[in-house]
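Please read the structure below before turning to the comments.
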Protein chains: 2
Amino acid sequence: MTISFPKDSVGLVIPQTMAFNEPLMLVCGKELAAGYQITYETYGILNPECNNAILICHALSGNHHAAGYHSYEDRKPGWWDNYIGPNKPIDTNRFFVVSLNNLGGCNGSTGPTSINPKTGKVYGASFPIVTVEDWVHSQARLADSLGIKQWAAVIGGSLGGMQAIQWAITYPDRLRHCIAIASAPKLSAQNIAFNEVARQAIVSDPDFFDGNFTEHNTVPKHGLGLARMVGHITYLSDDAMGQKFGRDLKNEKLNYDIYNVEFQVESYLRYQGEEFSGRFDANTYLLMTKALDYFDPASKHQGDLAKTLSEVTANFYLISFTTDWRFSPARSKEIVDALIAADKNVSYIEVDAPQGHDAFLIKIPRYQEALTTYLQRIAI
Amino acid sequence: MTISFPKDSVGLVIPQTMAFNEPLMLVCGKELAAGYQITYETYGILNPECNNAILICHALSGNHHAAGYHSYEDRKPGWWDNYIGPNKPIDTNRFFVVSLNNLGGCNGSTGPTSINPKTGKVYGASFPIVTVEDWVHSQARLADSLGIKQWAAVIGGSLGGMQAIQWAITYPDRLRHCIAIASAPKLSAQNIAFNEVARQAIVSDPDFFDGNFTEHNTVPKHGLGLARMVGHITYLSDDAMGQKFGRDLKNEKLNYDIYNVEFQVESYLRYQGEEFSGRFDANTYLLMTKALDYFDPASKHQGDLAKTLSEVTANFYLISFTTDWRFSPARSKEIVDALIAADKNVSYIEVDAPQGHDAFLIKIPRYQEALTTYLQRIAI
């Protein structure tokens with residue numbers, strides 16, 4: 001029996017790890033010690049002109065594994081495999097795609113689960129706060145190491161879109177296109193509130209031990225599971241949840257039991273929480289929610305987003321989804337309006353999609369078309 | 001110094017308690033033992049014709065104390081004091097208003113914090129599941145005891161509105177008007193999902209002890225606080241939170257600290273959670289969320305709400321608020337549409353209000369007018 005991957009897949013992928021010999025000064029005032037590592041994957045081939053590279057930035061719980069398979073036994077491809085591959089919107093026949101795990105992550109790059117070289121112990125709670133700006137600087141160093149002076153495009157959804165926007169602000173000469181999908185120029189009070197609930201769920205778990213749970217040979221599973229449940233609700237639209245589950249019962253009839261699930265949606269959420277808490281690091285989750293909270297590039301210009309974007313040179317492409325209530329179309333339009341006010345090139349599309357925020361990960365014909373058309377026009 | 005109450009207040013109120021000598025058969029199949037009690041308050045005077053009585057039904061964390069003050073030292077009046085009092089929309093010069101704490105509650109009526117006469121111990125987790133139907137039956141018994149054969153109106157917001165609707169279905173002859181505010185004919189999958197998060201937060205608190213925390217001399221404060229935080233977010237609109245807090249900082253500048261609050265909205269939410277967990281019972285909270293989940297009167301008619309409402313005789317008045325995303329105007333319109341399809345009398349108003357679901361508790365001129373006008377027309 002021959003096992004093969006789908007034709008439009010990038011196929012078998014081997015993650016790479018790069019170590020950096022200079023410490024990284026962080027926005028929080030602390031320094032990440034020299035020797036920190038970034039794990040990344042690449043798909044496609046860097047052309048001799050080095051002008052066909054695309055950077056993919058991940059969202060809250062994402063990682064470097066955006067496309068392809070890590071083994072022939074892999075049941076699932078990378079998280080954005082719907083959009084990255086030969087003849088897919090981000091066409092690996094044409095582009096050299098780089099996808100990394102951000103610092104503070106728990107999938108290979110230096111983060112709370114890594115050993116702190118200064119103490120010889122796991123960082124745990126002592127890992128410093130990392131911000132979107134820090135990530136962009138670290139990504140720029142990765143680009144340097146890969147010989148990429150300028151990205152054809154930096155692309156990301158949600159928190160990933162914030163990184164793309166920050167790239168255009170921090171390194172205007174180092175990208176030609178900025179594609180921010182289902183993103184926002186900063187979190188709203190409600191967004192922060194949901195993050196705070198998630199954080200409180202984690203830190204109040206008695207197995208959290210102030211973030212040093214590894215030393216206690218435990219994991220704050222309940223807290224992390226709860227955090228994921230809350231997050232998950234905000235990723236789906238009310239309609240999507242209604243269509244998927246409605247009020248369908250778990251069993252044939254109601255049991256009038258307070259502890260067991262009655263409805264399918266409860267069962268689904270519990271599963272999501274449990275599955276996630278078995279594979280993700282609680283300290284990383286805290287860091288990622290904080291990075292979201294802190295992102296607010298316009299704060300350096302008294303909230304004036306147009307002024308903040310006045311030095312960007314990249315062409316912008318914003319995509320939003322009608323039923324996304326985490327980062328609604330209105331949030332993308334704030335960015336579009338600011339870019340227009342700053343006299344910049346910007347295209348915008350609002351995709352009619354019932355899936356809510358999660359739509360940015362899902363195969364949606366109009367969205368596929370929208371990305372394909374834009375990326376095909378990028379000259380290389 | 002003379003201390004006095006505002007002129008339009010019902011003034012000093014003394015809660016009453018009534019015990020019932022017959023057991024109450026519950027929808028869940030269990031029986032609430034004879035001797036159960038209901039705590040209630042009344043405002044105004046029952047007229048000789050006994051046709052001016054109005055029943056107020058409370059929402060998730062409400063109780064019998066809807067108006068007036070319990071002492072001269074009380075800083076805050078009852079939860080719906082904005083709407084109940086002399087010359088207020090629910091005018092106590094004209095109506096005799098009855099407000100009770102529902103069974104399963106923790107403010108005087110028999111609930112998880114009460115002693116189970118069969119065991120001599122606190123009910124705790126053993127308190128049976130109570131539904132909106134059960135509450136309506138218990139409220140009918142209270143009405144019998146008070147000599148009220150027919151309510152001029154049954155009024156409630158949110159979960160209280162569900163009770164008003166259930167009254168019209170279960171006891172069509174016993175109310176002339178049904179006023180359901182910011183309500184819904186049943187929970188959506190998203191509504192249930194938020195309730196499930198709240199419940200999981202409570203039951204996973206190690207101080208919960210399977211609901212028998214009283215025996216362990218403890219209280220699941222963290223879990224209950226978290227549940228309240230999640231709930232609170234859904235009570236406010238995104239805009240209301242934005243206007244109230246925006247991204248205002250707690251301190252002068254960011255501290256880049258993962259454990260302490262950075263933003264005012266975090267501080268506010270934590271306070272809400274802590275304050276609530278100090279005064280509310282965790283088992284009651286679980287019961288109330290379950291009562292919400294189970295409410296679905298149309299399920300007896302294969303989901304046909306118009307058929308479910310075919311026997312009602314009350315006049316209906318539905319009120320919703322534009323920015324309410326917990327029970328949006330669309331949910332009230334489902335009820336309006338079903339009533340029209342069933343050829344019933346129904347009036348509906350959607351009030352433009354920025355406050356979200358919480359609007360039903362707040363003094364809003366248009367809403368005050370809407371209630372006043374309707375209630376003035378009720379013949380007594």
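Overview of values
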| quantity | calculated |
| --- | --- |
| Matching residues, segment A:316-346, being among the hydroxyl-bearing types (Ser, Thr, Tyr) and either within 23 Å of A:Ala66 (Cβ to Cβ) or touching an Asp or Glu at 6+ places or on another chain (Cβ under 7 Å) (or both) | A:Tyr317, A:Ser320, A:Thr322, A:Thr323, A:Ser332 |
| Top-ranked residue of segment B:54-70 - restricted to ones that are out of contact with any Leu (no Cβ under 7 Å at 6 or more places or on another chain) and among the small types (Gly, Ala, Ser), ranked as surrounded by the fewest Cβ atoms within 10 Å (Cβ to Cβ) | B:Ser61 |
| Hits in segment B:207-227 - residues which are in contact with a Ser or Thr (Cβ under 9 Å, 6 or more places away or on another chain) and surrounded by fewer than 23 Cβ atoms within 10 Å (Cβ to Cβ) | B:Asp207, B:Phe209, B:Gly211, B:Asn212, B:Thr214, B:Val219, B:Lys221 |
| Which numbered condition B:Asn93 misses (of (1) without any contact (Cβ under 8 Å) to a residue 40 or more places away in the chain; (2) over 20 Å from the mean Cα position of the chain (by Cα)) | (1) |
| Residue match in segment B:99-112 (condition: under 19 Å from B:Arg228 (Cα atoms) and surrounded by fewer than 22 Cβ atoms within 10 Å (Cβ to Cβ)) | yes |
| Failed condition for B:Glu73, given (1) over 26 Å from B:Thr373 (Cβ atoms); (2) in contact with a helix residue (DSSP H, G or I) (Cβ under 8 Å, 6 or more places away or on another chain) | (2) |
| Top-ranked residue of segment B:175-196 - restricted to ones that are at the interface with chain A (Cβ under 7 Å from one of its Cβ atoms) and among the hydrophobic types (A, V, I, L, M, F, W, C), ranked as nearest to B:Ile155 (Cα to Cα) | B:Ile192 |
| Number of positions in segment A:101-127 that are more than 14 Å from every other protein chain (Cβ to nearest Cβ), part of a loop (DSSP other than H, G, I, E, B) and touching a helix residue (DSSP H, G or I) at 6+ places or on another chain (Cβ under 9 Å) | 8 |
| Unmet criterion (only one of (1) in contact with a helix residue (DSSP H, G or I) (Cβ under 7 Å, 6 or more places away or on another chain); (2) within 10 Å of another protein chain (Cβ to nearest Cβ); (3) not acidic (Asp, Glu)) for B:Gly303 | (1) |
| Any hit, segment A:197-220, residues being under 24 Å from A:Ala359 (Cβ atoms), at the interface with chain B (Cβ under 8 Å from one of its Cβ atoms) and not β-branched (Val, Ile, Thr) | no |
| Selection status of A:Asp257, out of contact with any strand residue (DSSP E or B) (no Cβ under 8 Å at 6 or more places or on another chain), buried (at least 23 other Cβ atoms within 10 Å of the Cβ) and not in a helix (DSSP H, G or I) | no |
| Meets criteria (closer than 14 Å to B:Ala314 by Cα and either in contact (Cβ under 8 Å) with a residue 12 or more places away in the chain or loosely packed, with under 14 Cβ neighbours inside 10 Å (or both)) for B:Ile335 | yes |
| Which listed residue, of A:Ile165, A:Ile202, A:Ile233, is farther than 30 Å from B:Asp207 by Cα and modelled with pLDDT of 95 or more | A:Ile165 |
| Sole exception among (1) buried (at least 23 other Cβ atoms within 10 Å of the Cβ); (2) acidic (Asp, Glu); (3) assigned by the TED database to the domain that holds A:Ser332 for A:Glu196, by number | (3) |
| Check on B:Glu73, surrounded by fewer than 24 Cβ atoms within 10 Å (Cβ to Cβ) and not in a loop (DSSP other than H, G, I, E, B) | no |
| Which listed residue, of A:Val130, A:Val219, is under 30 Å from A:Gly303 (Cα atoms) and assigned to a loop (DSSP other than H, G, I, E, B) | A:Val130 |
| Residues satisfying the stated conditions in segment A:353-365, i.e. in contact with a strand residue (DSSP E or B) (Cβ under 8 Å, 6 or more places away or on another chain) and under 16 Å from A:Arg326 (Cα atoms) | A:Ala353, A:Gln355, A:Gly356, A:His357, A:Ala359, A:Phe360, A:Leu361 |
| Within segment B:261-299, considering residues that are out of contact with any Ser or Thr (no Cβ under 6 Å at 6 or more places or on another chain), in a loop (DSSP other than H, G, I, E, B) and within 11 Å of chain A (Cβ to nearest Cβ), the one nearest to B:Pro112 (Cα to Cα) | B:Phe295 |
| Residue match in segment B:323-331 (condition: surrounded by fewer than 17 Cβ atoms within 10 Å (Cβ to Cβ), in contact (Cβ under 8 Å) with a residue 60 or more places away in the chain, assigned to a loop (DSSP other than H, G, I, E, B) and not aromatic (Phe, Trp, Tyr)) | no |
| Every pair of residues 6+ apart whose Cβ atoms lie under 7 Å, when the first sits in segment A:1-25 and is outside the structural domain of A:Phe95 (by the TED database) and assigned to a loop (DSSP other than H, G, I, E, B) while the second is at pLDDT below 95 and of a type in the set (A, V, I, L, M) | none |
| Only listed residue being within 30 Å of A:Leu26 (Cβ to Cβ) and under 16 Å from the mean Cα position of the chain (by Cα), chosen from A:Phe280, A:Phe316 | A:Phe280 |
| In segment A:233-249, the residues that are in a helix (DSSP H, G or I), of a type outside the set (D, E, K, R) and more than 8 Å from chain B (Cβ to nearest Cβ) | A:Thr234, A:Tyr235, A:Ala240, A:Gln243 |
| Filter pass, A:Tyr367 being in contact (Cβ under 8 Å) with a residue 12 or more places away in the chain, in the same structural domain as A:Pro77 (by the TED database), surrounded by 18 or more Cβ atoms within 10 Å (Cβ to Cβ) and in a helix (DSSP H, G or I) | yes |
| Only listed residue being buried (at least 17 other Cβ atoms within 10 Å of the Cβ) and outside any strand (DSSP E or B), chosen from A:Asn87, A:Asn51, A:Asn47 | A:Asn51 |
| Search result, residues across segment A:26-44 that are part of a loop (DSSP other than H, G, I, E, B) and in contact (Cβ under 8 Å) with a residue 12 or more places away in the chain | A:Leu26, A:Val27, A:Cys28, A:Lys30, A:Ala33, A:Ala34, A:Gly35, A:Tyr36, A:Gly44 |
| Residues within segment A:120-131 that are surrounded by fewer than 23 Cβ atoms within 10 Å (Cβ to Cβ) and within 18 Å of A:Glu22 (Cα to Cα), tallied | 1 |
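The rows are residues; the columns are (1) touching a Pro at 6+ places or on another chain (Cβ under 9 Å); (2) under 18 Å from A:Gly242 (Cβ atoms); (3) in the same structural domain as B:Val197 (by the TED database).
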site	(1), (2), (3)
B:Glu274	no, no, yes
B:Thr284	yes, no, yes
B:Gly303	no, yes, no
B:Asn315	no, no, no
B:Phe321	yes, no, no
B:Trp325	no, yes, no
B:Ile340	no, no, no
B:Asp352	no, no, no
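The values are calculated or read from the model by the stated rules, or taken from the named source; none is laboratory data. Treat the numbers as computed from the prediction; the structure is a model and nothing was measured. For neighbour counting, all protein chains shown are included, and Cβ atoms are generated from backbone atoms with ideal geometry for every residue, glycine included.
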